[in-house]
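Below: one structure, written as structure tokens.
The values are calculated or read from the model by the stated rules, or taken from the named source; none is laboratory data. Since we're looking at a predicted model, the values are computed, not measured. Using ideal geometry, Cβ is built from the backbone for each residue, glycine included, and neighbour counts are taken over all protein chains shown. Please note that ligands, DNA and RNA were not included when accessible areas were found on the heavy atoms of the full protein model with its side chains. Shrake-Rupley method; radii C 1.70, N 1.55, O 1.52, S 1.80 Å.
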Amino acid sequence: MRKAFVETLTGLAARDPRILLLTADLGYMALEPFADAYPRQFFNVGVAEQNMVGLATGLAEAGFIPFVYSINPFAVLRPYEFIRNGPIQHRLPVRIVGVGGGLEYGTNGLSHYGLEDVAVMRVQPGITVIAPADAGQTRNAVAASWNLPGPVYYRLGKDDKAVVPGLEGRFELGKVQCLREGSDLVVIAMGSVATEAAAAVQKLAAQGVSCSLAIVAHVSPAPVDELDELLMRHPVALTVEAHYRVGGVGSLVAEVIAERGLRCQLVRCGVASLQNGITGSQRYLHHLYGISAEKLVETAMQTLSKTKP
């Protein structure tokens, strides 16, 4: 998604010189198209994420639209107080771009995992939280939201090649993208792990399970009414996220079920807790933590076996 983001932002900067891109000494072999095209709108602040957000806050106050870029936990957790006290409290158009959500930097270990970013961002009132599922949706999400009032957080994956079948880049603020209709259960996915969710739905269909698939890319403000309508039609919902089970899309769906009094069983698929000292590829970690397509099929079948007479 990095390439899709940079290409889209570069095109937008051709129309609006207020757009700036700041990086904390990261993004090599990714950000060069923007830096080469608009060197006066590009800043490498060094390994200083808190200062980067502070600088972006001042630039936004001066009328610019700054995008600050880093690896997920360094973009969100390290400068979190600065994000809260700056663009969120003052409702300024700073765009936080966190790359490598979930377990994408698998072999780098815990310091590089992004497993709590959506939780800490969506708890703050006034920030828009967007987690596209693939590169095509990233393009349309950035195009639809770059000029919103107030701050925006983009949770981006690294992979520009993976595609969620049937999504075709669709994105609309405040909407859920429903890609498949079924009656036995609905799978609701957030972020780049949606490719695993889509593969799981295909495998379930081959086993005779009537399964819906929905993508939630606009996490905050939450598409509550659309989720309500979707969940009312299904006896079981399976949420899928490369995130801790607490605070992300699973928690969002649980809130909708509880607050709307819906009769829908929820199973949250995500990371319950990390196993100390274990690293590996993203594929390995997805399987380990139960969010690979194969593990999702197992979870769905076990859940349905307990709910059906």
Q. Within the group Val187, Val219, which residue is within 27 Å of Gly150 (Cβ to Cβ), of a type outside the set (Lys, Arg), in contact with a strand residue (DSSP E or B) (Cβ under 6 Å, 6 or more places away or on another chain) and not in a helix (DSSP H, G or I)?
A. Val219
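The rows are residues; the columns are (1) open to solvent by 40 Å² or more (accessible area, probe 1.4 Å); (2) within 18 Å of the chain's Cα centre (by Cα); (3) modelled with pLDDT under 95; (4) under 20 Å from His112 (Cβ atoms).
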residue: Gln202; (1), (2), (3), (4): yes, no, no, no
residue: Cys211; (1), (2), (3), (4): no, no, no, no
residue: Glu259; (1), (2), (3), (4): yes, no, no, no
residue: Leu266; (1), (2), (3), (4): yes, no, no, no
residue: Val271; (1), (2), (3), (4): no, yes, no, yes
residue: Ile278; (1), (2), (3), (4): yes, no, yes, yes
residue: Leu288; (1), (2), (3), (4): yes, no, no, yes
residue: Met301; (1), (2), (3), (4): yes, no, no, no
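Here's the yes/no breakdown for (1) over 22 Å from Gln137 (Cα atoms); (2) under 19 Å from the mean Cα position of the chain (by Cα); (3) of a type in the set (A, V, I, L, M, F, W, C); (4) at pLDDT 95 or above:
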| site | (1), (2), (3), (4) |
| --- | --- |
| Arg2 | no, yes, no, no |
| Phe5 | no, yes, yes, yes |
| Pro17 | yes, no, no, yes |
| Val53 | yes, no, yes, yes |
| Thr57 | yes, no, no, yes |
| Val76 | no, yes, yes, yes |
| Gly86 | yes, no, no, yes |
| Leu92 | yes, no, yes, yes |
Q: Could you please find all residues in the range 286-302 being touching a Leu at 6+ places or on another chain (Cβ under 7 Å) and over 12 Å from Gly270 (Cβ atoms)?
A: Val297, Ala300
Q: Could you grab me the full set of residues in the range 287-309 that are touching a strand residue (DSSP E or B) at 6+ places or on another chain (Cβ under 7 Å) and polar (S, T, N, Q)?
A: Thr299, Thr303, Thr307
Q. Within the range 106-114, is there a residue that is surrounded by 16 or more Cβ atoms within 10 Å (Cβ to Cβ) and touching a Ser or Thr at 6+ places or on another chain (Cβ under 9 Å)?
A. yes
Q. Among the residues of the range 144-156, is there at least one that is under 17 Å from the mean Cα position of the chain (by Cα), part of a loop (DSSP other than H, G, I, E, B) and modelled with pLDDT under 95?
A. no
Q: Report whether or not Thr10 is of a type in the set (Ser, Thr, Tyr), farther than 16 Å from Arg155 by Cα and either open to solvent by less than 10 Å² (accessible area, probe 1.4 Å) or within 24 Å of the chain's Cα centre (by Cα) (or both).
A: yes
Q.
If I filter the range 159-169 down to residues being surrounded by 17 or more Cβ atoms within 10 Å (Cβ to Cβ) and in contact with a strand residue (DSSP E or B) (Cβ under 9 Å, 6 or more places away or on another chain), which single residue comes out as nearest to Gln137 (Cα to Cα)?
A. Leu167
Q. So which of Tyr38, Tyr69 ends up being of a type outside the set (A, V, I, L, M, F, W, C), crowded, with 17+ Cβ neighbours inside 10 Å, at pLDDT 95 or above and touching a Gly at 6+ places or on another chain (Cβ under 6 Å)?
A. Tyr69
